[in-house]
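Engineer: Shown below is the structure under consideration.
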Amino acid sequence: MGTLLDVTSSLLTQEALQLSEERYRIVTECSLAGVYLVQDDLFRYVNPMFAQIFGYRREEIMDRLSPADLVYPEDRAMVINNITRRLVGEVGFLQYSFRGLRQDSSVIHVEVLGRRGEYQGRPAVIGTLMDITARRRAEEAIQAHRALLKTIFSATPD
């Protein structure tokens with residue numbers, strides 16, 4: 001009788017694990033945000049949206065590219081510092097934006113929400129990333145328009 005209970009328990013555990021994996025896959029693979037995991041200065045995992053944001057296929061990024069490879073040169077030091085701060089436990093969570101580089105060398109603006117985690121028993125950085133290029137361009141256009149209006153109205157005699 002004990003063997004039957006063991007087999008039943010094992011099957012239920014396996015079914016629960018498969019359900020959990022399916023939920024995880026749906027959430028990450030279908031996400032509108034890029035999802036990433038960085039360990040040992042390499043992307044160990046990226047979801048399809050992350051790859052799409054940067055113009056790559058997933059297999060071109062995972063275990064091949066470093067976060068620095070996808071960051072505009074002037075922003076690299078900040079991004080590397082933020083990753084290091086999370087890995088060493090100085091901060092657990094960070095939200096910030098930087099300029100990214102797509103595979104075609106075009107510049108995009110991205111916002112990151114990331115935290116320290118563990119992967120295979122070792123420190124890693126896990127997070128999400130959104131392409132905010134359109135929002136950033138709209139903000140810049142509004143600022144330029146305000147500056148123009150300020151110039152026009154300050155030059156107008158009373």
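Engineer: Among 124-133, 97-106, how do they line up by average Cβ neighbours within 10 Å per residue, starting with the highest? Intermediate values should be presented prior to the final figure.
Structural biologist: On the way: 124-133: 19.7, 97-106: 14.9.
Descending packing order for the listed peptides: 124-133, 97-106.
Engineer: Right, next: Report the full-extension gain for the segment Arg64 to Arg146: residue separation times 0.36 nm, less the Cα-Cα distance, to one decimal in nm.
Structural biologist: Details: separation 82, 0.36 × 82 = 29.52 nm, distance 4.40 nm.
Extra length available between Arg64 and Arg146 comes to 25.1 nm.
The numbers here are math on the coordinates, done by the rules we state, and not lab data. Keep in mind it's a predicted model, so treat the numbers as computed, not measured. All Cβ positions, even for glycine, are placed from backbone atoms using ideal geometry, and neighbour counts span all protein chains on display.
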